[in-house]
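**Q** Handing you this structure, nothing more for now.
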Amino acid sequence: MSSTTKILFTIKDLRKWFPTRTGLLDGIRGRREYVRAVDDISFEIKQGEVVCLVGESGSGKTTAARLLLRLEDPTGGEIIYKGKDIAKAKERKIRKLRRHMQMIFQNPYESLDPRMTIYDVISEPLQVTNVFPKSETHKRVAKALEDVGLIPVSEFSIRFPHELSGGQRQRVSIARALVLGPEFIIADEPASMLDANTRIEILNLLQDLQAAYNMGILFITHDLAQARYLGHRIIILYLGKIVEKGNIDQVIQNPHHPYSKALISNIPVPDPDAKRERIEIEGEIPTAINLPPGCRFAPRCPFQFEKCIEEEPELMMKDGRYSACWLD
Ligand SMILES: Nc1ncnc2c1ncn2[C@@H]1O[C@H](COP(=O)(O)OP(=O)(O)O)[C@@H](O)[C@H]1O
Ligand SMILES: [Mg+2]
C-alpha cells in the first residue's frame, strides 16, 4: 500500500446515541437518557487496507459498523465514502452503494436462512441488487464458492446450511459477501464462534481474499491476537470513544493508553518465559449512560489522577499514533 492509495472512508465525529426506554418516558418530562454507543469517532479506511476495530463487548463496535453501511442512521457526524458524505443519503442511493460494501456477521448459525440452498443464499444479493445480467449469476456464484474453498461447487450448491460445519457456514457468509465484487467488507467478529483451528482457517481465507481483490476490510474483534494477525491499522474503542489508533505493530509493541496497555498485556504470549507485565483492569465495562465528565476509562484505570475525573482527554498525536490520555 502506498501513501497515494485511495481513501475509501473518512469518518468524522460519527455519533450514535440510542434513547433508553426510561429515557423515552423521561423525554415527555423533558429529561432524556441516551446510551452513547458511538460518541464522536473519527478515522479513515484506505483501499486495500485492513483496519481492526477492537474493544470489549459493549464498546460500540457493531454500532459503528452498522453506521458505516447505513444499516443504522447516525445521530451526528459524517460518513464520507469516496469523497461524498453518505451520513444522510436517502435509502435509494444507499441501496446502490451496498453492492460495493458488504458485511459478514459473527454468527454463521443465525445469519443464514435454513430453508435456502447454498446456491440460493449466495445468489440472493445478485437477485436483489440486479446489477449484473441474469446470465452471469451461475458463473458468479460458482466463482464465489471456489474462492472460499467450498468445492466441488456442484456439491455444495445444493446443500442446506444445517448440513455444513460452522467453518463451512462462515465460508458461505463470506462467499455471499464476495459475490457482488465489493471493494469494502466489514467482518464483525467473523471467527469468534469457531474453534481455534477453524478460526485460523477463516482468518487465512480473509487475508488471502483481501490480497487477491485488494479489498478494504474493517475487521471487528475483541481479540487482539486476531487483530494482530490480520490488521494494518488498529482502532481501540472504549465506551463509544476511540482511546488509541495507529499502525498495528506500533500500537501493540508500545501501547500508550492504559486501556490498550491492559488489553495488550493480556494477549497470550507463545513463549511463557517472555517477560511482560500484565496489567489487570478491575470490573466490567459499564453501559454508556450517564457518563461522568472526565475520562470514561478513569473509574477502571490503575493510573488515574485528579484531572482524569474532571476533564475528558482528546485524542492527541504522539510518535505517529493517536491516544487520548492525560498521562501521554
Ligand atoms: N438498537 C439499540 N438500542 C439501544 N441500545 C443499543 C442498540 N444497539 C446497541 N446498543 C447499545 O450500545 C452499546 C454498544 O453496543 P454494540 O455496538 O453492540 O457494542 P459491541 O459490538 O462493541 O459489543 C451497548 O451498550 C448496547 O447495549
Ligand atoms: Mg458486537
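**Q** For the chain, what is the charge dipole size about the Cα centre, in debye to the nearest 20, if Lys and Arg each add +1 at the Cβ and Asp and Glu each add -1 at the Cβ?
**A** With Lys and Arg at +1 and Asp and Glu at -1, about 1360 debye.
**Q** Would you mind computing the Rg to Rh ratio of the chain from its alpha-carbon coordinates, Kirkwood style for Rh?
**A** Rg/Rh for the chain comes to 0.99.
**Q** For the chain, modelled as a GNM with alpha-carbon contacts under 10 angstrom, which of Ala288, Ala191, Ala89 fluctuates the most?
**A** Largest GNM mean-square fluctuation: Ala89.
**Q** OK, next. If each residue of separation counts as 0.36 nm, what is the full-extension length gain between Arg278 and Leu71 once their alpha-carbon separation is subtracted?
**A** Difference between extended and current length: 70.7 nm.
**Q** May I ask you to derive the FRET efficiency for Asn290 and Ala225 from their Cβ-Cβ distance with R0 = 56 Å, giving the value to the nearest 0.05?
**A** 0.95
**Q** Given that compact globular proteins tend to follow 2.2 N^0.38 Å, what is the ratio of the alpha-carbon Rg of region 203-328 to that value?
**A** 1.15
**Q** Sticking with this structure for a sec: Can you give the FRET efficiency to the nearest 0.05 for Asp113 and Ile267, using r as the Cβ-Cβ distance and R₀ = 30 Å? Present the calculation step by step, with values, prior to reporting the outcome.
**A** On the way: r = 36 Å, r/R0 = 1.22.
Between Asp113 and Ile267 the formula returns 0.25.
**Q** Now, a different point. For Ile242, what charge total do you get from the other residues with a beta carbon under 15 Å from its beta carbon, if Lys and Arg give +1 and Asp and Glu give -1?
**A** The answer is +2.
**Q** If you don't mind, another one. Using helices alone, I'd like the mean residue ellipticity at 222 nm for the chain: each DSSP H run of four-plus residues gives -39500 (n - 2.57), total over residue count, nearest 500.
**A** -9500 deg cm²/dmol, from helical runs alone.
**Q** Find how much the distance from Lys82 to Glu146 grows on full extension, using 0.36 nm per residue of separation minus their present alpha carbon separation; answer in nm with one decimal.
**A** Values: separation 64, 0.36 × 64 = 23.04 nm, distance 3.01 nm.
Computed gain between Lys82 and Glu146 is 20.0 nm.
**Q** Follow-up question, since we're still on this one. Place +1 on the Cβ of every Lys and Arg and -1 on the Cβ of every Asp and Glu in region 170-279, take the dipole about the Cα centre, and give the residue among Leu180, Asn204, Phe219 whose Cα lies farthest towards its positive end.
**A** The listed residue farthest towards the positive side: Phe219.
**Q** Then there's this: How large, in percent, is the carbon and sulfur part of the accessible surface of region 1-151 at a probe radius of 1.4 Å?
**A** 50
**Q** Sticking with this structure for a sec: If you take every residue apart from Glu110 with its C-beta less than 15 Å away from the C-beta of Glu110, what net charge results, scoring Lys and Arg +1 and Asp and Glu -1?
**A** Net local charge, Glu110 excluded: 0.
**Q** Moving on. With the cut-off at 27 Å, tell me which of the pairs Lys61/Lys84; Lys93/Lys134; Lys46/Lys96; Lys82/Lys261; Lys82/Lys245 have Cα atoms farther apart than that.
**A** Too far apart for the 27 Å limit: Lys82/Lys261.
**Q** Something else about it: Determine the per residue accessible area of the chain with all protein chains present and a 1.4 angstrom probe, expressed in square angstrom.
**A** 50
**Q** Taking each full run of DSSP H in the chain as one helix, which ones are at least 24 Å long along their axis (Cα atoms) and have mean Kyte-Doolittle hydropathy of at least 1.6?
**A** Once both thresholds are applied, nothing remains.
**Q** Around Arg36, with a cut-off of 15 angstrom between Cβ atoms, what is the net charge of the other residues, counting Lys and Arg +1 and Asp and Glu -1?
**A** Numbers: positive: Arg15, Lys16, Arg32, Lys61, Lys241, Arg296; negative: Asp13, Glu33, Asp39, Asp40, Glu72, Glu312.
With Lys, Arg at +1 and Asp, Glu at -1, the neighbours total 0.
**Q** Related question: Quote the relative contact order of the chain in percent (integer), defining contacts as alpha-carbon pairs under 8 Å separated by 6+ residues. Display every interim value, and only then the final one.
**A** Values: 599 pairs, mean separation 67.1, N = 328.
Relative contact order comes out at 20 percent.
The values are calculated or read from the model by the stated rules, or taken from the named source; none is laboratory data. No experiment lies behind these values; they were computed from the predicted model shown. Note that each Cβ is placed from the backbone with ideal geometry, even for glycine, and that neighbours are counted across all protein chains shown. Side chains are part of the model used for accessible areas, which takes the heavy atoms of the whole protein and leaves out ligands, DNA and RNA. Shrake-Rupley method; radii C 1.70, N 1.55, O 1.52, S 1.80 Å.
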